[in-house]
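Working notes, beginning with the structure itself.
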Amino acid sequence: MANSETLLTDRRLLLIGPQDNCLIVCAPLAAGETVLVESVTVRIPHAIAIGHKLARHDIGQGEKILRYGAIIGSATQAIARGEHIHTHNLTSDYLPTYTLEEGHSYVHQH
């Protein structure tokens with residue numbers, strides 16, 4: 001780092017590229033657990049599985065989500081630092097995003 005301040009992040013969270021605004025979860029995170037995200041303590045409200053994304057910092061609605069230095073989609077709502085990033089608050093800019101909600105199902109169109 002260029003400055004003397006060292007930002008600490010839980011080692012179960014992986015930053016792939018320096019410009020990314022999300023971190024990759026490398027070990028399951030339990031509901032109610034606290035983790036450090038760049039020296040800020042955040043509480044995990046819901047369990048998050050390996051491979052999912054967590055906000056590195058606050059992300060505004062409509063802001064692009066960067067993972068591996070590439071845009072993977074846009075935030076459909078404001079996302080707070082440490083919040084789970086997934087289909088409930090992220091839409092792909094390139095492919096349809098499908099979710100299965102109670103009473104709905106995906107039907108493939110030929």
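The values are calculated or read from the model by the stated rules, or taken from the named source; none is laboratory data. These numbers were taken from a predicted model, which means no experiment stands behind them. Virtual Cβ from ideal backbone geometry, glycine too; neighbours counted across all protein chains shown. In case anyone asks, the SASA skips ligands and DNA or RNA and just uses the protein heavy atoms, side chains included. Shrake-Rupley method; radii C 1.70, N 1.55, O 1.52, S 1.80 Å.
Out of 19, 61, I need the residue that is closer than 14 Å to residue 81 by Cα and part of a loop (DSSP other than H, G, I, E, B). Which one?
Values: 19 fails: closer than 14 Å to residue 81 by Cα.
Of 19, 61, the one residue that is closer than 14 Å to residue 81 by Cα and part of a loop (DSSP other than H, G, I, E, B) is 61.
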Residue count for the stretch 7-39, restricted to those that are over 20 Å from residue 75 (Cα atoms), open to solvent by 60 Å² or more (accessible area, probe 1.4 Å) and touching a residue at least 40 places away in the same chain (Cβ under 8 Å): 0
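Right, residue 64: open to solvent by 50 Å² or more (accessible area, probe 1.4 Å) and either of a type outside the set (Gly, Ala, Ser) or farther than 14 Å from residue 14 by Cα (or both) or not? Break it down into steps so the answer makes sense when it comes.
Working: open to solvent by 50 Å² or more (accessible area, probe 1.4 Å): yes; either of a type outside the set (Gly, Ala, Ser) or farther than 14 Å from residue 14 by Cα (or both): yes.
So residue 64 passes the test.
Would you be able to tell me the number of residues in the stretch 38-54 that are in contact with a Ser or Thr (Cβ under 6 Å, 6 or more places away or on another chain) and in a strand (DSSP E or B)?
Narrowing the stretch 38-54 to residues in contact with a Ser or Thr (Cβ under 6 Å, 6 or more places away or on another chain): 38, 41, 43.
Applying the additional criterion that residues be in a strand (DSSP E or B) yields 41, 43.
So the answer is 2.
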